[in-house]
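Take a look at the structure below.
The values are calculated or read from the model by the stated rules, or taken from the named source; none is laboratory data. Just so we're clear, the structure is a prediction, and the values are computed from it rather than from any experiment. Cβ placement follows ideal geometry from the backbone for every residue including glycine, while neighbour counts extend to all protein chains displayed. Note: accessible area is taken over every heavy atom of the protein model, side chains too, but ligands, DNA and RNA are not part of it. Shrake-Rupley method; radii C 1.70, N 1.55, O 1.52, S 1.80 Å.
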Amino acid sequence: MSELRFPEGFVWGAATAAYQIEGAAREDGRGPSIWDTFSRTPGKVFQGHTGDVACDHYHRYADDVALMAELGLAAYRFSIAWPRIRPDGTGPVNPRGLDFYDRLVDTLLGRGIDPFVTLYHWDLPQALEDRGGWTVRETAEHFADYAIAVHRRLGDRVRTWTTLNEPWCSAYLGYGNGMHAPGRTDAGDAFRAVHHLLLGHGLAARALRAAGAEILGITLNLADVQPADPDSAADAAAVRLIDGLQNRIFLDPLTGAGYPDDVLAHLSGMVEPDFIRDGDEKLIAAPLDLLGINYYSPSYVAGRPGGAGGGAYPGSEGRVEFLPPAGPLTDMGWMIEPAGLTRLLERVAADYPGLPLVITENGAAFADRKGAGEAGGVADGDRVAYLDGHLRAAHRAIARGVDLRGYLVWSLLDNFEWAEGYRKRFGIVHVDYLTQRRTPKESARWYQEVISRNGL
Ligand code: FCB
């Protein structure tokens, strides 16, 4: 294979999220989040796993940052736990919660690692869910207030701010099919949540900009949706519907085009869209400095009357059939198709020009086995192959003119994989949950090499 170099200044990093790694769920005044509640609800998370302890990163952050430095990371994407900052959702700011991120940011900067802050990676304070969660407008306003409280404390050192991680998941999995917290199952609520998440993004982005935030973005899990049969008009219509529900419903309003007509017509069949008020689309279209894209796997769909639909795509039942994933799969059962990443990056660059892109997540779960003994390593050649393939795919997009600025692997550490608990391992660093011992996998050493060469 030929040698590939990335553009000078290309940002190499890794990503995590608060609830998935921090633990210390009841420490220093943290309040409960919807994930604390959900993970304690019988049957929702694999074997009742919770984030109570997770990777104990809250106490081990300094060692974890040292490990990041050893791997040569230039950036670290982490999220702030809203319930640490505003434990009861609307009350006073909890300074001890901010203290943790203050220490983390200083430790990162001390090692020359650029902090990429995500303000919301799914852990809504339970107190706000009790008032309606993302189905009510007030939550968007509370989000902007919280964002400003964090910026007030960290804004002198953090340059890169992203508001939301994957609002598609928060809305459709949280309020539509109930697979994620808060576990509600109402199509109308899912669309209300989409809108209030976007509104929260817009309000927070404007407030952060006014406060002097340098680089503002949002992270979306965009879908590379492909037709089962490229010649079928029915399949093309299915692609259009799923693309609308996952991609255009977010990208169009974020970039100033408002909600797409076909998507509005679709959702209006399920809910009266009276929650979209005059002026909202303008608020959502706050200027962006970067778009974070999370990519794992493509989807293939067919247009079929009576199709099962995708549970996470309200109104796709009876119209769309998702093809079962084919070929090599990850431990999540997700298809491995690096070409999907190239297609997705090129499509976003073509349809939404002028937005610098960063891959804020890409990676794979595999059933890693740690070798025996103290020195035992983890030979995760399957993960190396996955990452290698996707970096080549990203490079192809850059070579074709896509303005891709960086790549953040998901994830630095094995961690709490939401409804799957700890049974799915995404880390390039192995975590032994009994001892909290970290062991860089073969993929971590490989990534270290990639970073040092700025290429493959
Ligand atoms: C993404 C999430 C992230 C992680 C990966 C595997 O949807 O943003 O927290 O769970 O998937």
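I'd like to check something: does region 83-99 contain any residue that is within 16 Å of the ligand (Cβ to nearest atom), in a helix (DSSP H, G or I) and either in contact with a helix residue (DSSP H, G or I) (Cβ under 8 Å, 6 or more places away or on another chain) or under 23 Å from residue 180 (Cβ atoms) (or both)?
no
Filtering region 318-342 down to residues that are part of a helix (DSSP H, G or I) and crowded, with 19+ Cβ neighbours inside 10 Å, which residue is nearest to the chain's Cα centre (by Cα)?
Taking the candidates together, the pick is 341.
How many of the residues in region 419-437 are within 11 Å of the ligand (Cβ to nearest atom), open to solvent by 10 Å² or more (accessible area, probe 1.4 Å) and of a type outside the set (Gly, Ala, Ser)?
Of the residues in region 419-437, 3 are within 11 Å of the ligand (Cβ to nearest atom), open to solvent by 10 Å² or more (accessible area, probe 1.4 Å) and of a type outside the set (Gly, Ala, Ser).
Looking at 152, 131, 96, 111, which is the one that is in contact with a Gly (Cβ under 6 Å, 6 or more places away or on another chain) and open to solvent by 50 Å² or more (accessible area, probe 1.4 Å)?
From the options 152, 131, 96, 111, the qualifying one is 96.
List pairs: first in region 338-350 and among the acidic types (Asp, Glu), second part of a helix (DSSP H, G or I), Cβ under 7 Å, 6+ apart or cross-chain?
Listed by first residue and then by second, the contacts come to 346/397.
How many of the residues making up region 294-323 are under 15 Å from residue 226 (Cα atoms), among the hydroxyl-bearing types (Ser, Thr, Tyr) and within 16 Å of the ligand (Cβ to nearest atom)?
4
Determine which member of the set 376, 389, 401 is surrounded by fewer than 18 Cβ atoms within 10 Å (Cβ to Cβ), under 29 Å from residue 49 (Cβ atoms) and in contact (Cβ under 8 Å) with a residue 40 or more places away in the chain.
Just a single option satisfies the conditions, and that option is 376.
If we keep just the residues of region 1-43 that are hydroxyl-bearing (Ser, Thr, Tyr), part of a loop (DSSP other than H, G, I, E, B) and under 27 Å from residue 174 (Cβ atoms), which is nearest to the ligand (Cβ to nearest atom)?
16
Please verify whether residue 198 is touching a Pro at 6+ places or on another chain (Cβ under 8 Å) and under 21 Å from residue 58 (Cβ atoms), treating the condition exactly as stated.
No.
In the list 310, 315, 303, which residue meets the criterion of being touching a residue at least 40 places away in the same chain (Cβ under 8 Å), at positive phi and open to solvent by less than 40 Å² (accessible area, probe 1.4 Å)?
Only one candidate passes the filter, namely 315.
Please find, among 91, 48, 110, the residue that is farther than 24 Å from residue 189 by Cα and modelled with pLDDT under 95.
Going through 91, 48, 110 in turn, just one is farther than 24 Å from residue 189 by Cα and modelled with pLDDT under 95: 91.
May I ask you to verify whether residue 62 is more than 13 Å from residue 412 (Cβ to Cβ) and outside any loop (DSSP other than H, G, I, E, B)?
On the way: more than 13 Å from residue 412 (Cβ to Cβ): yes; outside any loop (DSSP other than H, G, I, E, B): yes.
Here the answer is yes, as residue 62 does meet what is asked.
Could we say that residue 343 is in contact with a helix residue (DSSP H, G or I) (Cβ under 9 Å, 6 or more places away or on another chain), more than 16 Å from the ligand (Cβ to nearest atom), basic (Lys, Arg) and over 21 Å from residue 234 (Cα atoms) here?
On the way: in contact with a helix residue (DSSP H, G or I) (Cβ under 9 Å, 6 or more places away or on another chain): yes; more than 16 Å from the ligand (Cβ to nearest atom): yes; basic (Lys, Arg): yes; over 21 Å from residue 234 (Cα atoms): yes.
For residue 343, the condition - in contact with a helix residue (DSSP H, G or I) (Cβ under 9 Å, 6 or more places away or on another chain), more than 16 Å from the ligand (Cβ to nearest atom), basic (Lys, Arg) and over 21 Å from residue 234 (Cα atoms) - is met.
Which one of 223, 205, 213, 286 is surrounded by 17 or more Cβ atoms within 10 Å (Cβ to Cβ), touching a Ser or Thr at 6+ places or on another chain (Cβ under 8 Å) and either among the charged types (D, E, K, R) or over 30 Å from residue 324 (Cα atoms) (or both)?
205
With region 106-223 as the region, which helices (runs of 4 or more DSSP H) entirely inside it contain at least 1 residues that are within 16 Å of the ligand (Cβ to nearest atom), within 15 Å of the chain's Cα centre (by Cα) and among the aliphatic types (A, V, I, L, M)?
Output list reads 187-210.
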